[in-house]
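Structure first, commentary second.
The values are calculated or read from the model by the stated rules, or taken from the named source; none is laboratory data. Predicted, not measured: the structure shown is a model, and the values here were computed from it. Cβ placement follows ideal geometry from the backbone for every residue including glycine, while neighbour counts extend to all protein chains displayed. Note: accessible area is taken over every heavy atom of the protein model, side chains too, but ligands, DNA and RNA are not part of it. Shrake-Rupley method; radii C 1.70, N 1.55, O 1.52, S 1.80 Å.
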Amino acid sequence: MKIILASASPRRKSLMDVLGIKFEIIVSDCEEIINPNSCAKDIVMSLSQQKAQAVAKTLNEKCIVIGADTVVAYEDNILGKPKDISDAQNMLRLLSGKTHSVYTGFTIINTADNTTITDYEKTDVAFRNLSDKEIIDYVNTYDPLDKAGSYSIQGTASSFVEKLEGDYNNVVGLPIYKLSKYLYNSFNIKGAN
């Protein structure tokens with residue numbers, strides 16, 4: 001059965017490649033609807049489901065569709081992708097010297113019978129204290145402008161991380177350990193364990 005990743009993220013594509021399964025990419029063009037009263041885990045699960053469903057509705061064959069969404073949360077602040085350079089700098093100032101949580105929600109849909117599994121992973125990330133110059137220099141690379149929380153853990157910002165508790169790949173954008181267990185155990189996808 002064909003496997004579809006409903007994401008334009010090159011980071012998610014790289015993580016899916018690690019699983020050793022063949023897949024195609026069809027980017028979801030759904031309008032993301034967020035309940036402002038929801039907590040981070042509910043937001044990412046809802047958005048992953050919206051993305052996977054939007055792609056599943058366009059398919060005329062039996063497929064497994066995987067959608068995902070990632071946000072960074074610190075206290076009551078949900079940090080998605082920054083709006084601009086100033087927003088990115090403000091996010092990094094907020095995270096400097098503190099521990100935040102990265103949530104990735106994922107949804108797997110089997111279009112043959114509409115079996116749907118939605119789950120999430122949470123990883124806690126502690127940043128060291130960042131100087132204003134470090135923040136400005138990093139944001140001026142434009143690397144953080146399309147990343148939740150305004151940073152990419154696998155790039156230059158890896159030097160910001162003092163401590164990490166949980167799944168590293170989750171912070172990159174897809175909790176492949178948990179995802180692979182569902183693909184293998186619930187959908188019998190070989191090469192995903």
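Here the condition is being under 13 Å from the mean Cα position of the chain (by Cα) and at pLDDT 95 or above; of GLY80, GLY97, GLY105, it holds for GLY105 alone. When we screen ILE25, ILE34, ILE108 for residues that are open to solvent by less than 40 Å² (accessible area, probe 1.4 Å), of a type in the set (A, V, I, L, M, F, W, C), over 30 Å from ASP132 (Cα atoms) and touching a strand residue (DSSP E or B) at 6+ places or on another chain (Cβ under 9 Å), the only hit is ILE108.
Selection of segment 155-167 for residues being under 14 Å from PHE127 (Cα atoms) and not β-branched (Val, Ile, Thr) yields ALA157, SER158, SER159, PHE160, GLU162, LYS163, LEU164, GLU165.
For segment 79-110, the set of residues classified as touching a Ser or Thr at 6+ places or on another chain (Cβ under 6 Å), aliphatic (A, V, I, L, M) and under 17 Å from GLY67 (Cβ atoms) consists of ILE109 only. Of the residues ALA8, ALA40, ALA52, ALA68, the single one that is surrounded by fewer than 20 Cβ atoms within 10 Å (Cβ to Cβ) and within 18 Å of the chain's Cα centre (by Cα) is ALA8.
One residue stands out in segment 11-22 among those that are of a type in the set (A, V, I, L, M) and either within 16 Å of the chain's Cα centre (by Cα) or outside any loop (DSSP other than H, G, I, E, B) (or both): the one that is surrounded by the most Cβ atoms within 10 Å (Cβ to Cβ), namely MET16. Screening segment 135-178 for residues that are among the basic types (Lys, Arg) and more than 19 Å from LEU19 (Cβ to Cβ) and picking the one that is surrounded by the most Cβ atoms within 10 Å (Cβ to Cβ) gives LYS147. The set of residues in segment 71-105 being aliphatic (A, V, I, L, M) and open to solvent by less than 20 Å² (accessible area, probe 1.4 Å) consists of VAL71, VAL72, ALA73, LEU79, ALA88, MET91, LEU92, LEU95, VAL102.
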